Structure formats: structure tokens, C-alpha cells
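Here's the structure, in C-alpha cells; my notes come after.
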Amino acid sequence: MYANSHNARAQVDISLAERSYPILIGAGLLGDASVYRQLPSASTALIVSNTSVAPLYAAQLKAVLQTRYSKVLLTTLPDGEVHKDWPTLQLIFDALLENGCDRKTVLFALGGGVVGDMTGFAAASYMRGVPFVQLPTTLLAQVDSSVGGKTAINHPLGKNMIGAFYQPQLVVCDLDVLKTLPARELSAGLAEVIKYGPIADLDFLAWIETNLDALLTQEPVAMAHAIQRSCEIKAWVVGQDEREQGLRAILNFGHTFGHAIESGLGYGEWLHGEGVGCGMVMAAHLSQRLGLIDMAFVERLTQLIKRAGLPVRGPVLSATDNAGRYLDLMRIDKKSEAGEIRFVLIDGPGKAIVRAAPDALVREVIDFCCL
Ligand code: NAD
Ligand code: GLY
């Protein structure tokens, strides 16, 4: 669809029976009234954004929503992963209750994954569930976090530990909003794009290798394809396993190591995508040491992650027992079972599995991969 035009629009559908919804991808969607016509009718809309994104895009969104809702409210949260917590979540509930919002009120998450995850969790729990829309403004959120209904906040002891599965009504990926994204955030988003290759689609991995420079400069045709293909793969996975009973865990490739880095350093020190990028390198080394892939594939993946502007060496989380600290942090993971860490590993290029690994081998990988 995008071969010849960057003005074309694409749609990817999440098929989950009565919880199905479209992901719209294209330029100029945010301010297009026709995008919102399919939403349930209500008197009130609440836009949830943050102090960085609201000044850029909230006025445009508010203007278009005012053509559909008689009251359009805006709540502006503090920016940052460090604010993905209870007190910040409470600000959304404060706004809903102080403004007398009823159970038909539609929430609009305007921001990156942090705003999206928190707004989704608020929507899941306010009056036991109100409709919400994802308007992802980072690449990471467009290719991953806005899609599939995982919502959460962090706990000081573990990332995304408190949350709910709750699907949005609609996801709107406007390519134009990505133009204000800092380069470091673009790279972080590329980590989640790259992720889909080794776990599910080697042709896509090769396409990313060829088109990485175009992605780094946000060439529109390349960006649109990367977002569409990522969403298609995620839709395929989520459509089979909405609540992560099995298959969906493969989307966490790189995340077990990555979450340990994020919480071990303190939220916000490394970006989520940076943790995932480095975590994929570590998980690839673990796969290689378990005999599942060869070193050539580990090196291929490492080179791509590095070219995307992401770290490929892990930080030291403890001066006394670094590997032990990683292991302790990784045990607090939603995939862990009875204290046993379960890793997403590459089981031959293009295919992922979830399994445990001996601590000694994991220690070897951490020692090898950390600065
Ligand atoms: P983020 O939400 O913190 O956004 C990154 C930064 O970019 C923030 O400072 C934000 O204000 C700013 N920003 C956002 N859009 C912008 C724009 N258009 N122009 C300029 N600045 C902009 O981080 P993220 O990378 O989008 O998301 C990471 C979060 O997503 C993590 O909390 C992670 O756990 C979560 N996540 C969730 C899922 C899921 O399935 N729910 C999947 C992956 C990640
Ligand atoms: N980002 C992982 C998932 O949605 O399952």
C-alpha cells in the first residue's frame, strides 16, 4: 500500500471477537474528524497526556474531539517512566471524578507508552471500565505498547507489575507526530521494531537491515511500512493469545534482561527500548550458549541493534555480584514460575521459545555482556 505514496493510509485489525478494533496508520490522522466517527457516543472525552506532548498536540486533538463531544477535558501528567506510578495514576481518577465523568466517558491516551499504559489502566478500572483510545506519539508506542491491551504501572520492586488486560476501541498511529520525537527516543522505538524480526519474520529483519538508514531519518514510506508490519505481527500474536497464556510471551524477547536493567538502574535512567535492545543481545547470547542459534546470528543481530543507536553492552548493576543482582531482578518477572526465570530465546532464526536456563549459563552471559 505504501510503495508509491506517503499519503496512503493503512489499517491493521486486532481480531478479538467483541473486543476487536482497528489500528489506523498514516499521516494527518490525529486532526481528522472522520477517524473518530466509529467511537461510542458520549457527552464527555478526557484527553490524558503529559507535560511534553500536550503542548505539541493536545490543542489539535481537543479541537477535533469538540466536534463530537460536548465536553472535552485535558489532564496533563508529569513526564517520565519514573512517574508511571500510583500517585500519577491517581491524577487521572481525580480528573474523572472532579468533573463528574460518567461510565460512558471516553479516555484518549495522547503520548508514548507511559501515558498509554497508565491511561489504559485508568480506563480499565474507572467505574469498572470505560472506553479508551490510543493515540501513540512515539515509535515504540505505535509499534508495540498501544496495541494489544496490556496496561500497567510500575512498582519500585518490579516493572509493569500492577495492571490489567484491557483493549482500546481504536489505535491511531499518526506518522506526523513522530517528527518531534528526539533521536534517542526514535532509536528506542526501533528496538521494538527489530524485535519482530528474530522472533517471527526473517524477511522483515532483512528489510530493516536494508532500510535502517531510511528509518533513522524518518523517511515516510519506510516508517509506514515498519509500523504496519510490526502491528501486523503483533496482531497475529495477540489474536491467538490475548492474555499471554503462551505464545504472546515471545513479544517479550529481550525484556527479561531489559526490565532488570531498567529497574536495577532506577526507572528512566535507560529508556525502555534501550533496555530491550541490549536485552535482545543478551538473550541472543544465551540462545547461542544453549545451542539454539549460531554466533553468526548473534553478531548479525548485535550489529543491527548497534546501528540503530542502541546500547549492546549491559550496565553493571552491582560492584560485588553483578550477575547475582541481574538474576535477583529477573526473578521478579511476570514470566517467572515458582522463582524460576523463564527467558524468551531464539530457537533458530525467526522462531522464539520460552524456557528456563541454568543460572551458571546466565551468569556467563551477563559477565560476557556487561561493561
Ligand atoms: P515514553 O512514554 O516515556 O515517551 C518517551 C519520551 O518521549 C517522553 O519524554 C515523552 O514525553 C516524549 N514524547 C512522546 N511523544 C513525543 C513526540 N511526538 N514528540 C516529542 N516527544 C515525545 O516512552 P515510550 O518509549 O513511548 O514507552 C515506554 C513505556 O511503554 C514503558 O513504560 C514500557 O513499559 C511501556 N511498554 C508497554 C507495552 C505494552 O504492551 N503495553 C509494550 C512496550 C512498552
Ligand atoms: N509488549 C509485549 C506484549 O504486548 O505482549
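The values are calculated or read from the model by the stated rules, or taken from the named source; none is laboratory data. This one's a predicted model, so the numbers in the text were calculated from it and none came from an experiment. FYI the Cβ positions are ideal-geometry reconstructions off the backbone, even for glycines, and counts take in every protein chain you see. Note: accessible area is taken over every heavy atom of the protein model, side chains too, but ligands, DNA and RNA are not part of it. Shrake-Rupley method; radii C 1.70, N 1.55, O 1.52, S 1.80 Å.
Summary of computed values
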quantity	calculated
Inter-label distance for Asn99 and Leu157, nm, one decimal - labels placed 7 Å from Cα along Cα-to-Cβ	3.6
At R0 = 22 Å, FRET efficiency that the Cβ-Cβ distance of Ala33 and Asp13 yields, to 0.05	0.55
Extension gain (nm, one decimal) between Trp86 and Arg68, 0.36 nm per residue minus Cα-Cα	3.4 nm
Where the stretch 162-271 is the region considered: accessible area per residue in Å², 1.4 Å probe	34
Relative contact order (%) - the chain, alpha-carbon pairs under 8 angstrom, separation at least six	15
Ratio of Rg to Rh over the stretch 180-302 (Cα coordinates, Kirkwood Rh, two decimals)	0.96
The chain - convex hull of the alpha-carbon atoms, volume per residue in Å³	122
Unit charges at the beta carbon, dipole of the chain: most positive-side option, Pro198, Pro131, Ala183	Pro131
All-pairs alpha carbon distance profile, the stretch 38-91, 10 Å steps from 0, percent	23, 45, 29, 4
Check: the stretch 43-104 dipole with +1 on Lys, Arg Cβ and -1 on Asp, Glu Cβ, in debye	380
Choice from Ala356, Ala319, Ala58 with maximal GNM fluctuation in the chain (Cα, 10 Å cutoff)	Ala319
Carbon and sulfur %, accessible surface of the chain computed with the full protein complex present, 1.4 Å	52
Degrees between helix 255-265 axis and first principal axis of the chain (Cα, 0 to 90, nearest 10)	80
Residues in the stretch 147-165 that a label on Arg128 would reach, taking backbone N under 18 Å of a point 7 Å out along Cα→Cβ	164-165
Distance between modelled label sites at Arg243 and Ala183, nm, 7 Å Cα→Cβ extension	4.5
FRET efficiency for Val221 and Ser41, using Cβ-Cβ distance with R0 set to 41 Å, rounded to 0.05	0.65
